[in-house]
1. Find all pairs meeting these conditions: Cβ atoms under 6 angstrom apart; at least six residues apart or on different chains; first residue within region 11-38 and free of Cβ contacts under 8 Å to residues at least 60 places away in the same chain; second residue of a type in the set (Lys, Arg).
2. Looking only at region 48-86, filter to residues that are of a type in the set (Val, Ile, Thr) and assigned to a helix (DSSP H, G or I); which one of those is surrounded by the most Cβ atoms within 10 Å (Cβ to Cβ)?
3. Can you tell me which residues in region 57-84 are of a type in the set (Phe, Trp, Tyr) and not assigned by TED's automatic domain parsing to the domain that holds GLY110?
4. Can you pull out every residue in region 38-47 that is buried (at least 16 other Cβ atoms within 10 Å of the Cβ) and out of contact with any Ser or Thr (no Cβ under 8 Å at 6 or more places or on another chain)?
5. Kindly provide the set of residues from region 120-144 that are in contact with a strand residue (DSSP E or B) (Cβ under 6 Å, 6 or more places away or on another chain) and either modelled with pLDDT under 85 or among the aliphatic types (A, V, I, L, M) (or both), ordered by number.
Amino acid sequence: MNTSGNREFFSPRDANGHGTHTASTAAGTFIDDVSYRGLALGTIRGGAPRARLAIYKVCWNVLGGQCSSADILKAFDEAIHDGVDVLSLSIGSSIPLFSDIDERDGIATGSFHAVAKGITVVCGAANDGPFAQTVQNTAPWILTVAASSMDRALPTPITLGNNKTFLVWSFSYFLDFNHFNQQHGSSLKPLHSKLNC
């Protein structure tokens, strides 16, 4: 494989972190005292922390990230052969979508064969929308899961150059204020205080 300078691994490890992220979401173990840069301190875990994972790599970091139907179908075959109980796919196709029975949709075709063998197939609805016809992986034999929200807010106080402080809800909390101020001729600065989130 010629990756033309793109970083890639010839193993289940993914080059951009997406597969690793979704695996930890599914089966990550309990970890105490975790926060995201000081926000939302607590214990994290995956949805089923005692689950065992079988990971099949189907996407490659070439041409902007490609997932061929041949690789997807081969992974379904391997997973069926290995006797997995659940398949979780966090990939989709490009819009406009093919028909659920179109031979070019490896996810719909492979998942049909997995479900026929008694394996539950869960897929992400993708990141498009909230517009019409942007939900992906809609074959009726697939359990399609869309985005949800958190049960907490992550407010961040910022102080402007005129010393007015505002409470904002954004990950811009991690903004490099010095760099931002130099680029935009402003005097934005973080307010250093304990947050009660």
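1. The qualifying pairs are PRO12/LYS57; ALA15/ARG7; GLY28/ARG45; PHE30/ARG45.
2. Step one: list which residues in region 48-86 are of a type in the set (Val, Ile, Thr), which gives 55, 58, 62, 72, 80, 84, 86.
Next, only the ones that are assigned to a helix (DSSP H, G or I) stay: 72, 80.
Details: ILE72: 22, ILE80: 17.
If we take residues in region 48-86 being of a type in the set (Val, Ile, Thr) and assigned to a helix (DSSP H, G or I), then ILE72 is surrounded by the most Cβ atoms within 10 Å (Cβ to Cβ).
3. Here is the first cut: in region 57-84, the ones of a type in the set (Phe, Trp, Tyr) are 60, 76.
Across region 57-84, the qualifying residue is only TRP60.
4. ILE44
5. Those that are in contact with a strand residue (DSSP E or B) (Cβ under 6 Å, 6 or more places away or on another chain) and either modelled with pLDDT under 85 or among the aliphatic types (A, V, I, L, M) (or both): VAL121, VAL122, ALA125, ILE142, LEU143.
Matching residues to (1) within 23 Å of GLY47 (Cα to Cα); (2) surrounded by 14 or more Cβ atoms within 10 Å (Cβ to Cβ); (3) of a type in the set (Gly, Ala, Ser); (4) at pLDDT below 65:
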| position | (1), (2), (3), (4) |
| --- | --- |
| ALA146 | yes, no, yes, no |
| ASP151 | yes, no, no, yes |
| THR159 | no, yes, no, no |
| HIS184 | no, no, no, yes |
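The values are calculated or read from the model by the stated rules, or taken from the named source; none is laboratory data. Every value quoted in this text rests on a predicted model; they were computed, and no experiment measured them. Glycine also receives a Cβ, built like all others from the backbone with ideal geometry; neighbour counts cover every protein chain displayed.
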